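The values are calculated or read from the model by the stated rules, or taken from the named source; none is laboratory data. Only a predicted model underlies this, so the values are computations on that prediction, with no experimental measurement involved. Note: ideal-geometry Cβ built from the backbone for every residue, glycine included; neighbour counts use all protein chains shown. Please note that ligands, DNA and RNA were not included when accessible areas were found on the heavy atoms of the full protein model with its side chains. Shrake-Rupley method; radii C 1.70, N 1.55, O 1.52, S 1.80 Å.
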Amino acid sequence: MNKILEKLGQYGIVPVVVLNDSKDAEPLADALCEGGLACAEVTFRTEAAAESIRIMSEKHPEMLVGAGTVLTIEQVDEAVAAGAKFIVSPGLNPEIVKYCLEKNIAVTPGVVTPSEMAQAVELGLPLVKFFPAEPSGGLPMIHAVAAAYTTLKFMPTGGINPGNVRDYLKDDKIFACGGSWMVKGNLVDAGDFDKIKELTKEAMAKIVTLGEIMLRLSPPGYERFLQASSFDVQYGGAEANVAASLAQLGHHTTFLSKIPNNSIGDAAVATLARVGVDCSHIVRG
């Protein structure tokens with residue numbers, strides 16, 4: 001997987017930005033970075049796109065600035081020359097994909113149908129954009145049509161919002177989500193970059209718990225241990241229980257621990273994952 005795309009996956013959310021005036025590029029980049037989200041997909045829908053990418057890339061070299069809505073190879077060249085680190089297209093254009101791969105440019109084309117997913121696999125792409133996500137059926141649609149394409153991960157874009165983004169990000173088929181709710185055009189046009197920073201911080205808010213997870217064996221009913229021939233199994237612990245409870249309330253929670261790499265450890269991790277806790281940073285061994 002391209003390292004640029006891996007980094008986008010670590011952020012989890014990619015702001016989809018439309019800039020009508022390049023003067024807004026620097027304060028917008030400031031707001032996103034200060035909000036904890038040093039990445040953006042600047043759409044090539046306006047004449048200010050290339051200059052905006054250049055400004056954001058120069059003012060914040062640590063920022064992953066990409067170009068979205070790229071429709072031609074000429075736009076790929078223009079975007080990369082301006083400093084774009086990745087290319088996103090609304091559909092799967094094989095010529096654009098092949099050109100980017102030949103130039104070692106990170107590219108994520110849009111797909112919806114099984115035929116497009118099959119093309120993506122044939123082209124050797126591990127990551128694709130699912131667009132428009134919600135109008136196309138959202139997570140149920142992704143699961144229904146992507147079951148045969150086990151190597152693909154998806155970046156849903158279109159209809160993603162604070163109410164559903166956590167459901168997407170908890171799913172193991174999703175590597176990131178594209179969204180525009182923290183960078184709405186009216187906020188940019190009004191110069192309300194403090195509000196953009198606030199919304200970005202809210203979008204990136206995560207709860208991390210660190211601790212051990214324990215296995216509890218309980219005799220059924222009111223039996224004593226000496227009487228029991230079977231036991232009820234529960235996994236828990238203060239930190240794990242907090243993560244599980246908050247995850248069920250809709251918060252993005254991550255549990256950190258070291259758990260044995262055996263079937264009991266598998267069951268413990270599965271217990272937390274079932275209620276939406278991010279277990280990807282648990283060390284097994």
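Checked against (1) surrounded by fewer than 19 Cβ atoms within 10 Å (Cβ to Cβ); (2) within 30 Å of residue 102 (Cβ to Cβ), residue 156 meets all criteria but (1). Can you name the residue in the range 159-173 that is at pLDDT below 95 and open to solvent by less than 20 Å² (accessible area, probe 1.4 Å) and is also farthest from residue 31 (Cα to Cα) among such residues? Checked the range 159-173; the qualifying residue farthest from residue 31 (Cα to Cα) is 168. With respect to the stated conditions, residue 247 fails to be at pLDDT 90 or above and not in a loop (DSSP other than H, G, I, E, B).
Among the numbered conditions (1) over 30 Å from residue 108 (Cα atoms); (2) among the aliphatic types (A, V, I, L, M); (3) open to solvent by less than 40 Å² (accessible area, probe 1.4 Å); (4) touching a strand residue (DSSP E or B) at 6+ places or on another chain (Cβ under 8 Å), the only one that residue 228 does not meet is (4).
For the structure I just gave you, tell me whether residue 47 is at pLDDT below 95, assigned to a loop (DSSP other than H, G, I, E, B) and open to solvent by 10 Å² or more (accessible area, probe 1.4 Å). No: the conditions fail for residue 47. Restricted to the range 191-228, and to residues there that are over 30 Å from residue 27 (Cα atoms) and of a type in the set (Ser, Thr, Tyr), the residue that is modelled with the lowest pLDDT is 222.
When 275, 233 are checked against the criterion of being open to solvent by 50 Å² or more (accessible area, probe 1.4 Å) and of a type in the set (Val, Ile, Thr), 233 stands alone in meeting it. On the given criteria, is residue 129 within 19 Å of residue 41 (Cβ to Cβ) and either open to solvent by 50 Å² or more (accessible area, probe 1.4 Å) or more than 20 Å from the chain's Cα centre (by Cα) (or both)? Spelling it out, it is not the case that residue 129 is within 19 Å of residue 41 (Cβ to Cβ) and either open to solvent by 50 Å² or more (accessible area, probe 1.4 Å) or more than 20 Å from the chain's Cα centre (by Cα) (or both).
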